[in-house]
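The values are calculated or read from the model by the stated rules, or taken from the named source; none is laboratory data. It should be emphasised that the depicted structure is a prediction, and the values quoted were computed from it without experimental measurement. Virtual Cβ from ideal backbone geometry, glycine too; neighbours counted across all protein chains shown. Heavy atoms of the whole protein, side chains included, go into the accessibility calculation; ligands, DNA and RNA do not. Shrake-Rupley method; radii C 1.70, N 1.55, O 1.52, S 1.80 Å.
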Amino acid sequence: MLPFASCLPGSLLLWAFLLLLLGAASPQDSEEPDSYTECTDGYEWDADSQHCRDVNECLTIPEACKGEMKCINHYGGYLCLPRSAAVISDLHSEGPPPPAASAQHPNPCPPGYEPDEQESCVDIDECRYRYCQHRCVNLPGSFRCQCEPGFQLGPNNRSCVDVNECDMGAPCEQRCFNSYGTFLCRCNQGYELHRDGFSCSDIDECSYSSYLCQYRCVNEPGRFSCHCPQGYQLLATRLCQDIDECETGAHQCSEAQTCVNFHGGYRCVDTNRCVEPYVQVSDNRCLCPASNPLCREQPSSIVHRYMSITSERSVPADVFQIQATSVYPGAYNAFQIRAGNTQGDFYIRQINNVSAMLVLARPVTGPREYVLDLEMVTMNSLMSYRASSVLRLTVFVGAYTF
């Protein structure tokens, strides 16, 4: 019984009762169900079905594919394929239509549910309607989007955006390059990527070739360097060049000595090397006076010279030329090795009457030193004259082939 029923006529009582019924069913008091109006790339919101619908880019984008390519629409995008290509899978199907409530048949179920044939509310599998760009997990009355590794959910919680792993502590030891959905590790020059794909290992360049350095290759982290033996300096990056200590002043010779440079070192020799009965007449030249009886069986003069050759030199090799300084009419000159060639490593090849060539006959290995007396014998048969002079050549053989 209404509290004011006794105060109203019958007709008014009926109208009041109807108004109360209409007020209880007012649409302003009903709650509207939640709806999703944001779609991922390649989809658009369909107001009629209240769901996301695939966009057919082949129709909306002018000349989506150039040249002889044809446009094939598929979920969330499109493909450009050769016109001869056959599409086996149905890439452009729209899938099952989403359930839609009409004005005549409102959905009596809570959001995320729909009535079945028995008018009971059952969960809607939203994943059937491709709300998510990558993966969809259906939940009771709702759903959740997930992304493949290398991606993360965008602001709309449906689209997936690339993750820059390089800015998020990727396990690359040296260099990191981000790519779509993943990342790549690379190494600095002189390193190679380990089989784990993350760490870098030093490349031992010296183990790849014995020709990187002329003398010795030293491996270092990320690089290598060439070293030279004592007495040599690095030329450019790999060659070794002899240091001329006599020219640079890096020697220990006294004022009474002469510095003689050779491959890999130097020698201090006395400025006066003349031995009795010889006397010094000029630098490196000793003369045996004819007035001295001890000089009758000796060469009239000795000239000191020095030279250096490398080890394992190819043979035969011309190493030193002898030249007569004086020529007399009717005289004949003969050249020979007087001393110092006990093993026959050298021989003389006479060029003409006034010159000859010292030839290395076989390879020699240093460090080694030869002192060769190269003799020039001058003869004149008409005057019954015979005389000789010696060029005392000291040959230094270096320890190396350079």
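Odds and ends about this structure:
- Taking the conditions (1) of a type outside the set (Ser, Thr, Tyr); (2) open to solvent by 60 Å² or more (accessible area, probe 1.4 Å); (3) over 30 Å from residue 221 (Cβ atoms); (4) part of a strand (DSSP E or B) in turn, residue 143 satisfies each one other than (2).
- If you go through the stretch 362-387 and keep only what is in a loop (DSSP other than H, G, I, E, B), open to solvent by less than 20 Å² (accessible area, probe 1.4 Å) and free of Cβ contacts under 8 Å to residues at least 60 places away in the same chain, you end up with just 364.
- Test: residue in the stretch 265-278 that is charged (D, E, K, R) and more than 15 Å from residue 392 (Cα to Cα): yes
- When the stretch 296-322 is filtered for residues that are closer than 30 Å to residue 280 by Cβ, part of a strand (DSSP E or B) and of a type in the set (D, E, K, R), only 305 remains.
- Of all residues making up the stretch 73-83, the number that are touching a helix residue (DSSP H, G or I) at 6+ places or on another chain (Cβ under 7 Å) and open to solvent by 60 Å² or more (accessible area, probe 1.4 Å): 1
- Members of the stretch 204-251 found to be in contact with a helix residue (DSSP H, G or I) (Cβ under 9 Å, 6 or more places away or on another chain) and under 21 Å from residue 266 (Cβ atoms), listed by number: 231, 251
- Within the option set 148, 192, 119, 114, being part of a loop (DSSP other than H, G, I, E, B), of a type in the set (Asp, Glu) and farther than 20 Å from residue 43 by Cβ holds for one residue only, 119.
- Any chance residue 158 is within 30 Å of residue 121 (Cβ to Cβ), touching a strand residue (DSSP E or B) at 6+ places or on another chain (Cβ under 9 Å), surrounded by 14 or more Cβ atoms within 10 Å (Cβ to Cβ) and among the charged types (D, E, K, R): yes
- Condition check for residue 197: under 30 Å from residue 225 (Cβ atoms) and either in contact (Cβ under 8 Å) with a residue 40 or more places away in the chain or in contact with a strand residue (DSSP E or B) (Cβ under 7 Å, 6 or more places away or on another chain) (or both): yes
- When the test is whether a residue is in a loop (DSSP other than H, G, I, E, B), open to solvent by less than 30 Å² (accessible area, probe 1.4 Å) and touching a Lys or Arg at 6+ places or on another chain (Cβ under 8 Å), residue 359 does not pass it.
- Flag if residue 280 is under 27 Å from residue 266 (Cα atoms) and surrounded by fewer than 17 Cβ atoms within 10 Å (Cβ to Cβ): yes
- Restricting attention to the stretch 151-179, the residues that are part of a loop (DSSP other than H, G, I, E, B) and of a type in the set (S, T, N, Q) total 5.
- Flag set for residue 390, criterion: crowded, with 19+ Cβ neighbours inside 10 Å, modelled with pLDDT of 95 or more, on the phi < 0 side of the Ramachandran plot and touching a Lys or Arg at 6+ places or on another chain (Cβ under 8 Å).
- Count of the stretch 315-337 residues which are open to solvent by 90 Å² or more (accessible area, probe 1.4 Å) and either within 60 Å of the chain's Cα centre (by Cα) or of a type in the set (A, V, I, L, M, F, W, C) (or both): 4
- Applying a threshold of 6 Å to beta carbon distances and a minimum spacing of six or more residues, or different chains, the list of pairs starting in the stretch 58-75 at a residue that is over 13 Å from residue 42 (Cα atoms) and ending at one that is surrounded by 17 or more Cβ atoms within 10 Å (Cβ to Cβ) and charged (D, E, K, R) reads 64/57.
- Of all residues in the stretch 38-72 being farther than 20 Å from residue 161 by Cα and in contact with an Asp or Glu (Cβ under 6 Å, 6 or more places away or on another chain), the one that is least open to solvent (accessible area, probe 1.4 Å): 64
- Selection of first residues in the stretch 319-338 that are free of Cβ contacts under 8 Å to residues at least 40 places away in the same chain and of second residues that are outside any strand (DSSP E or B), restricted to Cβ pairs under 7 Å at least 6 apart or on distinct chains, gives the following pairs, ordered by first then second residue: 323/354; 327/354.
- Taking the listed residues 208, 215, 131, the one that is touching a strand residue (DSSP E or B) at 6+ places or on another chain (Cβ under 8 Å) and either modelled with pLDDT under 95 or β-branched (Val, Ile, Thr) (or both) is 131, with no other qualifying.
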